[in-house]
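Read the structure below first, then the notes.
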Amino acid sequence: MAVAQSKTNTSVAIGDLQGCAPSLQDLLGQLPLTAPIRFVGDLVNRGPASLETLRLVKAMGARARTVLGNHDIHLLAVAAGVRKKSKADTLEAILDAPDCDNLVTWLRHQPLAILEENFLIVHAGVLPQWTAQQVIALAREVEAELQGPNWQEFLANVFGNAANHWDEKLTGIDRHRVVVNALTRLRYCTAEGVMDLKAKEGLGSAPAGVMPWFDVPGRRTADVTVVCGHWSTLGLVMRSNLMALDTGCVWGGQLTAARLARDPAERTLIQVDCPQYCDPLA
Ligand SMILES: [Mn+2]
């Protein structure tokens, strides 16, 4: 009994939701009622029920924590009035909702990275030069901007593909642009950590000269288990120090939950099949 009890209280990480509240409801129904939940971000967009998804995660209160993904930050920027909506966005219901301000305020107070019990949770990836402690320190810098009085101005300036590599001498928005690009958008980079922010295909069609961020030799976060999402065409990857959980819920794949057990052999999966709402490469 004692063992079973401790297992039910192990935290569970859940992959990208992208507005798929019905799939989340299905999945939560299969998890222990009190298990702490960690979301890897991209709670919203592309899927059919972003408003309901955001309300549902917020209502989970202290049971759930999430990191911010690129779609979540896009929503914040659109809500701030500093970024154009994209044609493929399905964010309208949030922007029109009576609780829009509450939801946006809640969302911009969520972290970009979480480190607990040797699990480092980020939406997309980390640069090879960064240790887990540095990732957390850099995430806190960006979070302070998002939670501060000039958050709209910050979001007006934080987007840009030119910020594709780290230099510790960077300051201000140039520094934070690299941090946001890495933590929320990274898939491929060079051995030196120069990000390719365009390619989104799976491993079979990697652009020349780059590799998945997690395969960079000497990556300084190799001593923790990085838990991430963002890369649906990659699919599920479970290694002793990596759990990539975006299994393409919104694209008609699965929504995946994985137990954050210290022993990799105990990181069991719970998955639900999801209806297809859009095309991953569209
Ligand atoms: Mn993403």
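The values are calculated or read from the model by the stated rules, or taken from the named source; none is laboratory data. A quick note: this is a predicted structure, and the numbers were derived from the prediction, not measured. Positions of Cβ are backbone-derived with ideal geometry, glycine not excepted, and every protein chain shown enters the neighbour counts. All accessible areas refer to the heavy atoms of the entire protein, side chains included, with ligands and DNA or RNA removed. Shrake-Rupley method; radii C 1.70, N 1.55, O 1.52, S 1.80 Å.
Numbers at a glance
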| item | result |
| --- | --- |
| Whole-Å semi-axes of segment 11-273's equivalent ellipsoid (Cα gyration tensor) | 25, 24, 17 |
| Cleavage-rule hits, trypsin sites (Lys or Arg not before Pro), segment 29-91, DSSP coil, Cβ neighbours within 10 Å at most 10 | Lys84, Lys87 |
| As computed over segment 176-228, the Cα convex hull volume per residue (Å³) | 95 Å³ |
| 1.4 Å probe accessible area per residue over segment 11-273, in Å² | 40 Å² |
| DSSP-defined antiparallel bridges as percent of all bridges, the chain, nearest 5 | 60 percent |
| Packing rank of 90-100, 199-209, where each peptide gets the mean count of other beta carbons within 10 Å, highest leading | 90-100, 199-209 |
| Apportionment of accessible area to carbon and sulfur, the chain, percent (1.4 Å) | 50 percent |
| Amide H contacts of Thr66 (H built 1.01 Å from N, under 5 Å, at least 5 apart or other chain) | Phe39 |
| Relative contact order, percent, segment 8-111 [alpha-carbon distance under 8 Å, six or more residues apart] | 27 percent |
| Label-zone membership for segment 176-190, site Gln147, 7 angstrom Cα→C-beta point, backbone N under 20 Å | 176-177, 179-181, 183-184 |
| Added length on full extension, which subtracts the Cα-Cα distance from 0.36 nm per residue, Ser240 to Lys84 | 52.1 nm |
| Stretchable slack from His109 to Ala162, in nm (0.36 nm times residue separation minus alpha-carbon distance) | 16.4 nm |
| Spatially proximal lysines relative to Lys200 (Cα-Cα < 26 Å; intrachain offsets below 8 disregarded) | Lys84, Lys85, Lys87 |
| HN-Hα J in Hz across segment 77-83 - Karplus 6.51, -1.76, 1.60, θ = phi - 60°, x for Gly and Pro | 5, 5, 5, 6, x, 10, 9 |
| Karplus (6.51, -1.76, 1.60) ³J(HN,Hα), θ = phi - 60°, over segment 42-55, in Hz, Gly and Pro reported as x | 6, 5, 10, 5, 6, x, x, 9, 5, 4, 5, 5, 5, 4 |
| Only Lys, Arg (+1) and Asp, Glu (-1) charged, at Cβ; segment 107-196 dipole about Cα centre in debye | 160 debye |
